[in-house]
Each structure stands twice: as structure tokens, then as C-alpha cells.
Amino acid sequence: MDTFTTEQVLRREAIRRRVQGERRRDICEDLGRSPRWFDKWWAEYQRNPRTDFADRTRAPHTSPHQTSKPVEQAIVTARRTLEVANTPETKYGLIGAHAVHGHLERLGIEPLPSDPTIQRIMARHDQTHPIGAGNDSAYYPWPIAWGVNAIHATDIITRYVYGGEEIDNFHTIDLYSHAVHLTQHADKSSATTCAHLLKTWANLGLPLMQQLDNEAAFCGGHTHPRVIGRVVRLCLFCGIEPIFTPFYEAKRNYQIETFHSLWEAGFWSREEFTGLGHVQAEAPTFARWYHTVYQPPVLQGKTPAQMRQGLRIRRLTADLRRLIPIEHLPITAGRIHFMRKVDTTGHIEFLNETWPVGDKWIGEYVRATLDTAQQTLTLGHQADAEADWQLIKTRQFRLKETVHAVRPQFRRNSARCRDYWPG
């Protein structure tokens with residue numbers, strides 16, 4: 001692999017992510033580079049926003065006949081950036097080969113590939129969304145919360161106060177009662193996520209299942225294959241089954257996204273916050289209003305507090321908290337679920353690995369379930385809400401660490417999860 005060109009792509013990627021608001025520490029951790037490396041190229045970008053991030057002391061090693069791996073990766077990254085559409089520049093517009101070409105040109109990618117080359121590379125990486133693989137025609141199975149604390153959903157919404165200070169707002173909602181727990185932080189690392197979940201479980205109670213998207217802090221990062229990250233380990237240790245939504249499908253997290261909108265209108269836009277401390281001081285007032293006054297439409301005239309009134313809630317007590325080795329979490333016996341849409345090559349991706357499902361399932365949603373105790377991976381499909389789950393295949397999934405049994409204090413009635421989401 002051409003190391004020089006790879007470095008240019010990494011440098012562009014680092015600056016692109018910083019411009020989009022990500023923290024330097026998170027970027028360096030994901031890309032495996034030092035803060036000094038980042039500072040050098042951030043300064044270069046500040047001096048010359050049109051820089052190509054090249055080392056001026058070397059000549060680039062590129063092939064005139066074949067698209068280099070770094071440029072191919074730049075195409076894939078550009079396509080994802082346009083599709084996610086989470087910046088003002090990408091919120092509206094097209095995502096085809098010509099749009100990717102323009103995005104690469106603005107980044108200064110050289111040699112600049114042609115539109116047909118970009119189209120071929122996007123097709124090879126299942127980024128062309130042909131009929132059947134990019135629409136919503138397939139049935140999307142998902143467990144329905146059957147009671148209080150059956151399923152929690154967690155997400156992060158990042159905002160900035162005047163002066164540029166970043167505030168990472170962690171929101172968790174109980175999908176049955178719609179009760180929430182909110183915390184605010186200066187970063188969105190896995191350690192901070194764990195701290196938020198521990199406070200949530202002490203406040204709302206311990207869920208049976210924890211719904212998450214594919215944020216790096218949640219899944220363990222997007223670099224190393226077969227990684228069981230800190231957040232997943234914490235869930236398993238506490239007897240909780242993590243569920244990951246499909247890539248780039250925020251609508252699958254619609255309950256928490258709906259709450260984000262309410263929070264934006266009823267809290268964030270109502271005050272000119274001066275810093276993290278100010279947000280933390282005011283958030284409890286909003287939370288009290290939400291739980292005791294607001295009536296989510298789905299609750300048919302009840303408040304979240306009324307939905308929980310009189311129930312015995314199993315919370316994470318101080319005694320239980322002391323049992324958790326938060327700095328050295330092992331892998332614990334349990335199930336981890338990944339909802340994925342089968343791509344046009346018949347594959348799915350999770351834990352930074354690609355797995356074959358089969359051409360028969362192209363465009364369908366499947367569930368990949370990792371059983372850490374059995375060290376097996378099962379792929380299942382549900383045709384519709386009335387159909388039973390169909391087992392597609394079972395594979396071995398070897399883990400490099402010893403898998404520990406769940407401690408008696410955290411044993412939950414896992415049969416309840418299997419009843420509502422078997423497999």
C-alpha cells in the first residue's frame with residue numbers, strides 16, 4: 001500500500017471530521033495518530049484551506065493505470081459523507097458518482113478519478129442502492145417494548161454554546177413509559193457513555209435490552225475487527241442485551257429522535273447557555289417538566305411519571321455498582337444483536353467484519369445475534385410481524401478472551417427477551 005497517499009487521505013479525513021465538530025481526542029483515537037500529528041495538519045489547513053495535505057519533500061507514488069487503495073477509500077468515505085448528510089454542505093443534494101466527484105475535487109484528491117471509475121468503485125462497495133437494496137420495501141423486524149424497562153434507547157446529540165464549547169448531550173428513553181434520563185458532558189467517549197448508562201440505570205432502572213446506533217463510542221470503534229467494546233461489555237456484565245440498529249438509518253431510532261426534537265424546542269432553544277455547568281444546572285428543570293407535565297401522544301393522556309407510578313423498579317443500587325469492574329470489564333455470557341440490511345453482494349457488516357448471508361436475502365433485513373457463551377453467530381430473518389423467525393445459518397464466532405458467567409446479582413430473566421425476540 002502507498003503509505004504516502006494513505007497519509008494524505010488520513011489527514012484529509014481528520015480535518016474533515018474536525019470541521020464537522022468532532023473532538024480532536026476522538027479523531028486521533030479512531031485514526032491511530034497522535035495529537036501532535038493532528039495539530040500539525042490542522043495548522044496547515046488553517047494556513048491554507050485548499051491544501052492537499054501532501055509532504056512537500058516527497059513525490060506522490062500513484063499509478064496512472066489503476067485507482068490506488070487510498071483514493072478508493074476516499075471515494076467510499078465521500079459517498080458515506082454525502083449520504084449521512086449531517087453537515088450544512090451535505091444536508092441537501094445528490095449522492096451519485098458526479099456528486100462524489102465534486103466532493104473529492106473540493107477535498108483536493110489527486111489524481112481525481114473519473115465519474116465511471118467512481119461509479120464502479122461505489123458499486124463494488126454496495127453504495128449504488130439499486131432497486132431492492134436501498135428502499136424501504138423490506139419488512140423491518142424489531143422487538144416491541146412489552147413493559148417498563150424492557151428496552152432502553154440511548155443516543156447523543158452534540159451542540160455548541162457561544163464561544164465554541166462542545167456539549168455532548170446523552171439521552172436515554174424507556175421505550176414503554178417514555179421516561180428519560182439526561183446527562184451532559186464535554187466528550188462522547190466510551191468511558192463517558194458508560195458513566196451515563198450507570199447513572200441512567202440507577203435512575204430509571206436496569207433494562208433487559210439496550211438499543212444503540214453504530215456510534216464509535218457505543219460499538220467499540222470502526223478500526224479493529226471483532227472488537228467487543230467497553231459499552232457492550234458493561235451491558236453484558238449487567239445482564240443486558242445490546243441491540244444495534246442498521247447503519248445510516250436514524251429512523252430506526254425514531255423514539256429517541258422524537259425526544260431530541262422536543263428537547264431542542266423545549267430546552268436548548270429556550271436559553272442562551274454559557275457552558276457545560278450552565279446546561280447541567282438547567283437540565284433537571286426540563287426533565288421534571290417532561291416527566292410530570294408533558295403527555296407524550298403515544299401515552300394517551302398520561303405522563304411518563306404516571307406510567308411508572310406504583311411499579312417496583314429494579315435499579316442499579318450503590319451495592320450493585322460496587323460489583324462492576326468498570327476499568328477492567330471482562331466479556332460476560334449473553335447475547336449481542338445487530339440489525340442489518342443485506343447488501344447487493346449478499347453480505348452484511350458488523351464489528352468491522354463482513355459476513356456472507358446469500359443472494360437470496362439481498363435487500364432484506366436480517367438479525368445477527370452473537371452468543372458470547374456459545375461463541376456462535378446466528379443469522380435470522382422474519383418475513384413479517386406474524387411470521388416466525390427463520391434461521392438462515394449458524395457460524396462459529398471465536399473470542400480471544402475468556403467469557404465469564406453473569407454474576408448472580410445481575411442474572412435477569414433472559415427467557416423474557418427470548419419470548420419477545422426469539423432466536
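Things worth noting here:
- Complete set of residues in region 136-159 that are within 28 Å of W268 (Cα to Cα), among the β-branched types (V, I, T) and assigned to a loop (DSSP other than H, G, I, E, B): V148
- Residue within region 191-209 that is in contact with a helix residue (DSSP H, G or I) (Cβ under 8 Å, 6 or more places away or on another chain), under 21 Å from F286 (Cβ atoms) and part of a strand (DSSP E or B) present: no
- When residues of region 136-160 are limited to those that are among the aliphatic types (A, V, I, L, M) and surrounded by 16 or more Cβ atoms within 10 Å (Cβ to Cβ), the one farthest from the chain's Cα centre (by Cα): V148
- When region 164-199 is limited to residues that are over 24 Å from R315 (Cα atoms) and either touching a Cys at 6+ places or on another chain (Cβ under 7 Å) or without any contact (Cβ under 8 Å) to a residue 60 or more places away in the chain (or both), the one that is surrounded by the fewest Cβ atoms within 10 Å (Cβ to Cβ) turns out to be G164.
- Count - residues of region 328-340 that are in contact with a helix residue (DSSP H, G or I) (Cβ under 9 Å, 6 or more places away or on another chain) and in a loop (DSSP other than H, G, I, E, B): 4
Let's see how each residue does on (1) surrounded by 15 or more Cβ atoms within 10 Å (Cβ to Cβ); (2) closer than 23 Å to M209 by Cβ; (3) among the aliphatic types (A, V, I, L, M):
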| site | (1), (2), (3) |
| --- | --- |
| V293 | no, no, yes |
| L320 | yes, yes, yes |
| A333 | yes, yes, yes |
| F338 | yes, yes, no |
| E349 | yes, yes, no |
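- Only a single item in (1) over 20 Å from P207 (Cβ atoms); (2) exposed (fewer than 14 other Cβ atoms within 10 Å of the Cβ) is not met by G310, and it is number (1).
- Residues of region 382-423 classified as in contact with a helix residue (DSSP H, G or I) (Cβ under 9 Å, 6 or more places away or on another chain) and over 16 Å from I336 (Cα atoms), total: 4
- Remark: A383 matches the filter, which requires a residue to be surrounded by 12 or more Cβ atoms within 10 Å (Cβ to Cβ) and either under 18 Å from E364 (Cβ atoms) or over 26 Å from the mean Cα position of the chain (by Cα) (or both).
- First in region 263-274 and more than 11 Å from W289 (Cβ to Cβ), second anywhere and at pLDDT below 90, Cβ under 9 Å, 6 or more apart: E272/Y162; F273/Y162; T274/Y162; T274/G163
- The sole residue among T87, T81, T128, T117 that is hydroxyl-bearing (S, T, Y) and at pLDDT 85 or above is T117.
- Residue check for D174: within 30 Å of E353 (Cα to Cα), acidic (D, E) and at pLDDT 95 or above: no
- Taking first residues from region 97-126 that are without any contact (Cβ under 8 Å) to a residue 40 or more places away in the chain and partners that are part of a helix (DSSP H, G or I) and of a type in the set (G, A, S), the Cβ contacts under 6 Å between residues at least 6 apart in sequence or on separate chains come to V100/A78; H103/A78; L104/A78; D115/A97; Q119/A97.
- Residues (assigned to a loop (DSSP other than H, G, I, E, B), in contact (Cβ under 8 Å) with a residue 60 or more places away in the chain and farther than 19 Å from I173 by Cβ) located in region 214-245: G220, G221, H222, T223, H224, P225, R226, V227, I228, G239
Residue-by-condition table, conditions (1) of a type outside the set (A, V, I, L, M, F, W, C); (2) in a loop (DSSP other than H, G, I, E, B); (3) over 29 Å from R314 (Cβ atoms):
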| position | (1), (2), (3) |
| --- | --- |
| R367 | yes, no, no |
| T378 | yes, no, no |
| D384 | yes, yes, yes |
| D388 | yes, yes, yes |
| R395 | yes, no, yes |
| Q409 | yes, no, no |
| D419 | yes, no, no |
| P422 | yes, yes, no |
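- Set F237, F170: member being farther than 30 Å from K302 by Cβ, in contact with a strand residue (DSSP E or B) (Cβ under 8 Å, 6 or more places away or on another chain) and aromatic (F, W, Y): F237
The values are calculated or read from the model by the stated rules, or taken from the named source; none is laboratory data. Quantities reported herein were computed from a predicted structural model and do not represent experimental measurements. Heads up, the Cβs are rebuilt from the backbone with ideal geometry, glycines too, and the neighbour counts pull from every protein chain shown.
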